[in-house]
1. Expressed as an acute angle from 0 to 90° and rounded to the nearest 10, what is the orientation of the C-alpha long axis of helix 136-149 relative to the principal long axis of the chain?
2. Between the stretch 165-212 and the stretch 247-295, how far is it from one alpha carbon centroid to the other, in angstrom?
3. Taking N as the number of residues in the stretch 3-476, what value does Rg over Cα atoms divided by 2.2 N^0.38 Å take?
4. Once the Cα atoms of helix 275-291 and of the chain are each reduced to a long axis, what angle between those two axes, in degrees from 0 to 90 to the nearest 10, is obtained?
5. Semi-axes, largest first, in whole Å: what does sqrt of 5 times each Cα gyration tensor eigenvalue give for the stretch 41-104?
6. Starting from the Cα gyration tensor of the stretch 413-475, multiply each eigenvalue by 5, take the square root, and state the resulting semi-axes largest first in whole Å.
7. How far, in nm, would the chain grow between residue 202 and residue 311 when pulled straight, counting 0.36 nm per residue and subtracting the alpha carbon separation?
8. For n ≥ 4 DSSP H runs only, could you compute -39500 (n - 2.57) per run for the chain, divide by its residues and tell me the 222 nm figure to the nearest 500?
Ligand SMILES: Cc1cc2nc3c(=O)[nH]c(=O)nc-3n(C[C@H](O)[C@H](O)[C@H](O)COP(=O)(O)O)c2cc1C
């Protein structure tokens, strides 16, 4: 295993001393849970662990129980990943993915949200959906529906896709080139903002039994969108929901991805194996937010990590070893190959990853190459080893004190707002975090003890339910000049 991985993934007792953070970095630490409606999310092979309940992903009670647990732990939200294809880059076919349950079978992430909303009051929902294969018009309606049903707790993780198999099953020869996918996403969001922000005036719905006017037609506007990829003349089908636009989440960190995030994102997921790479990404993102006329902290940034915690350091290490005994190298390489867009079955196990040119997740490949430049070369073997629990995020293992120390160090050294917590086993990993880590951070005054009231957007940013004026989507608000370069007053 390469040095940076060993350095960042396990915590020796001597590293555990808590360094006092300066006031800049004493803001609360935020938690988000990372899940997917499948058995093999990013901890490969662990569905075989006797305590793992990922196989209940088709059972609605799995989701409602998880939602209640996360709300008890005062998590900001649950982020449900999604892909619309199989991981068939490894060995050139999907056999290994299908055999190991690597993100297939996978069910629709949106449909479980209303059930989770019914049993919670505060938890947010970041649901993944891509911009490549579904027309924005019906998608706008589904998200507005969820925003109503959740009372304003829905967020949308905007993804541009990275699996060629998804493109093929939607009738294309291959997926489009990386940056072009973001160009389409730009227009996709323009259509959505017009529908969500610009179609219905706030007081359009009168519900007047006397006059018989349910809605004033003069206050509902067709969006007249006629662009390069989409044509949508009509009105949005849903009356304004609590947030109108859902909270926009994003997780791409290539330079094109960051440019997209700077204009649109209100919460961002970053992932890399080392604090050093995350710190670089976070600085680039915050600089880009400012360059787009927004506050450096206008997007909450969550780093993906997997926490394995127990009463003592020794117990946590034993738990990690026991989890690892169920992990599967080949299943890890199936996922890695999909993320990199490179078939890792073709490499010698100890071959360095080197200069892969990726049309998949570019920021993943870049972060591996940055590690290599810093002297920590990645090989196929070390990738499988590191990635089989928690994918390409860091793994933090220790007692509650040790984990809390390390999370504080992460915030201090990288300027993230919090963590996107992946699981080794579910819901066991989340139960451990709620039992051990949350109370420890609360004791230190670093974690919320009560939720703020209001919608997800208000909880995350404290600036109201709707998009703030400097956000790109606000240009399309009713009354603003649609498509104008300047934000309305
Ligand atoms: C933590 C994290 C989670 C992601 N989850 C998904 C997902 O569920 N579905 C998906 O299609 N892409 C997902 N992605 C991929 C990105 O959203 C994005 O499309 C990809 O990173 C390509 O962007 P980039 O090349 O700009 O980094 C994820 C990326 C990260 C870092």
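Read-outs throughout are calculated quantities, based only on the coordinates presented, and are distinct from any laboratory measurement. Keep in mind the model is a prediction, meaning the values are calculated, not measured.
1. In the chain, helix 136-149 runs at an angle near 80 degrees to the longest axis.
2. What the calculation gives is 22 Å, centre to centre.
3. This ratio for the stretch 3-476 stands at 0.96.
4. 20 degrees
5. On the way: eigenvalues 146, 38, 20 Å².
After scaling each eigenvalue by five and taking roots: 27, 14, 10 Å.
6. Working: eigenvalues 168, 44, 33 Å².
Square roots of five times the eigenvalues give 29, 15, 13 Å.
7. Working: separation 109, 0.36 × 109 = 39.24 nm, distance 5.21 nm.
This chain segment gains 34.0 nm when fully extended.
8. Values: 17 runs with 176 residues, N = 489.
Estimated from H runs of four or more residues: -10500 deg cm²/dmol.
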